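All remarks here apply to the structure that follows.
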Amino acid sequence: MECGAGLASVDRSRAIELAGKTVLVTGATRGIGLETARELSALGAHVVLGVRDIVRGAEIANEFERAGGRANVLAIDLSSLGSVEEAASRFLASYPALDVLVNNAGTLATKRTLTAEGYELTWATNFLGLFALTNALLPALCAASEPRVVNVSSAAHNAGKMVWDDLERANRYTGFGAYAQSKLALNLYTREFAVRHPDIAMNAVHPGAIATDIWRGLPGFVRTILGRMLPSPSNGALPVIRLASSDDVRGVSGRYFDRLRETAPSKAAQHTDDARRLWEYAAKICAVAGEAAA
Ligand SMILES: NC(=O)c1ccc[n+]([C@@H]2O[C@H](COP(=O)([O-])OP(=O)(O)OC[C@H]3O[C@@H](n4cnc5c(N)ncnc54)[C@H](OP(=O)(O)O)[C@@H]3O)[C@@H](O)[C@H]2O)c1
């Protein structure tokens with residue numbers, strides 16, 4: 001595991017004009033999502049905080065407003081397709097356009113857990129919910145002049161394997177295996193989305209190994225060491241903010257970035273047939289209308 005990514009600060013001189021633009025950041029209560037939302041607010045965006053803890057969300061929105069920004073809370077639980085559908089309808093009813101969607105919320109369930117809807121938790125949160133949300137928000141993304149979607153992936157995707165006959169890992173579950181597969185799926189999705197929606201820039205990014213609560217399943221002493229060794233959440237947010245707001249990636253889509261550097265994802269993540277197969281599988285589960293899924 002690497003430490004000290006050496007990323008200094010956001011290059012605000014390269015930021016596109018965000019005043020008057022609406023940005024939705026999921027998982028904005030803490031970690032990388034919170035720091036991403038904070039900086040996009042400071043850059044002038046109207047930030048919508050996609051969170052399941054609305055009390056914490058309101059505290060953060062107030063903090064941003066006290067600093068001169070504009071922020072609102074959108075209640076959403078990414079692990080529930082019902083919650084995602086409701087949240088997307090509320091978003092569409094409240095905002096005419098979505099300029100930037102940051103799909104950041106993520107989890108790593110160390111023990112196999114089923115959601116109330118019967119899906120495996122990591123798969124539901126990191127992939128199915130994200131797919132459903134992005135798809136439901138297409139009308140708002142299409143209404144923006146230069147829409148962007150940033151998917152917070154992970155270098156863990158390199159170890160991922162699509163277990164097609166057991167995507168929810170009912171037979172052999174490991175937390176890391178499920179997480180790695182969900183991030184591989186996210187990279188395959190990013191690739192396929194770029195082909196199907198050339199007017200919306202979507203990219204995936206590994207933010208670096210960062211000291212956040214994503215490591216909460218590890219033993220306490222390991223977490224303490226990691227907390228000291230790894231860069232801070234604001235460091236992890238830098239590449240996400242860059243893809244969300246910098247003009248140096250204008251027009252770039254379907255790519256994978258390891259922090260600030262564009263790089264090829266794993267071979268498995270470049271598999272065209274798997275990307276299409278995954279799309280068809282998710283579209284069926286998320287009951288995507290033919291038009292939207294095209
Ligand atoms: N940290 C790293 O080293 C690292 C490396 C590679 C990739 N990533 C990715 O970076 C992203 C952000 O993670 P982080 O490191 O900042 O971890 P974190 O501190 O644990 O933050 C995760 C965020 O996701 C939210 N979230 C989790 N499940 C959710 C759900 N079902 N519905 C809505 N929100 C949910 C959490 O909200 P609550 O406060 O409600 O729990 C929290 O705001 C994740 O996608 C993660 O996989 C992290």
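Taking the charge dipole of region 198-294 about its Cα centre, with +1 at Lys and Arg Cβ atoms and -1 at Asp and Glu Cβ atoms, the residue from V222, T272, S232 reaching farthest to the positive side is V222. Each other residue within a Cβ distance under 13 Å of L34 adds +1 if Lys or Arg and -1 if Asp or Glu, for a net charge of -3. In a DSSP loop and with at most 10 other Cβ atoms within 10 Å, there are no chymotrypsin sites (Phe, Trp or Tyr not before Pro) in region 203-294. Long hydrophobic helices in the chain: the complete DSSP H runs spanning 24 Å or more by Cα along their own axis with mean Kyte-Doolittle hydropathy of at least -0.5 are 175-196.
Of the beta bridges in the chain, as assigned by DSSP with both residues counted there, near 15 percent are antiparallel.
One decimal place: the segment T110-R196 gains 27.6 nm when fully extended, by the rule 0.36 nm per residue minus the C-alpha distance. A quarter of the convex hull surface defined by the alpha-carbon atoms of the chain gives 14.2 nm² as the mean projection. Every helix of 4 or more DSSP H residues in the chain counts as -39500 (n - 2.57), and over all residues that averages to -12000 deg cm²/dmol at 222 nm.
Only Lys, Arg, Asp and Glu carry charge here, each on its Cβ (+1 for the first two, -1 for the last two); on that basis region 1-160 has a dipole of about 120 debye about its Cα centre. For region 16-293, the number of Lys pairs separated by eight or more positions or lying on different chains, with C-alpha atoms closer than 20 Å, is 6.
In a reduced charge model with +1 at each Lys and Arg Cβ and -1 at each Asp and Glu Cβ, region 64-137 shows a dipole moment near 200 debye about its Cα centre. For the chain, a crude dipole built from +1 on the beta carbon of Lys and Arg and -1 on the beta carbon of Asp and Glu, taken about the Cα centre, is about 640 debye to the nearest 20. Considering only A88, L260, L40, and ranking their Cα positions along the charge dipole of region 16-293 that arises from unit charges at the beta-carbon of Lys, Arg, Asp and Glu, the one farthest toward the positive end is L260. Rounded to whole numbers, the Karplus 3J(HN,Hα) couplings from phi for region 69-74 are x, 10, 8, 9, 10, 10 Hz, using 6.51 cos²θ - 1.76 cosθ + 1.60 with θ = phi - 60°, and x at Gly and Pro. When the inverse distances between all different Cα atoms of region 38-116 are averaged and flipped, the Kirkwood radius reads 13.8 angstrom. When the chain is described by a simple charge dipole with +1 on each Lys and Arg Cβ and -1 on each Asp and Glu Cβ, the residue from S245, A209, V10 located farthest towards its positive end is A209. How big is the antiparallel share of DSSP beta bridges in region 6-121, given as a percent to the nearest 5? Roughly 5 percent of the DSSP beta bridges within region 6-121 come out antiparallel.
Read-outs throughout are calculated quantities, based only on the coordinates presented, and are distinct from any laboratory measurement. All values reported here derive from a predicted model rather than from experimental measurement. Note: ideal-geometry Cβ built from the backbone for every residue, glycine included; neighbour counts use all protein chains shown.
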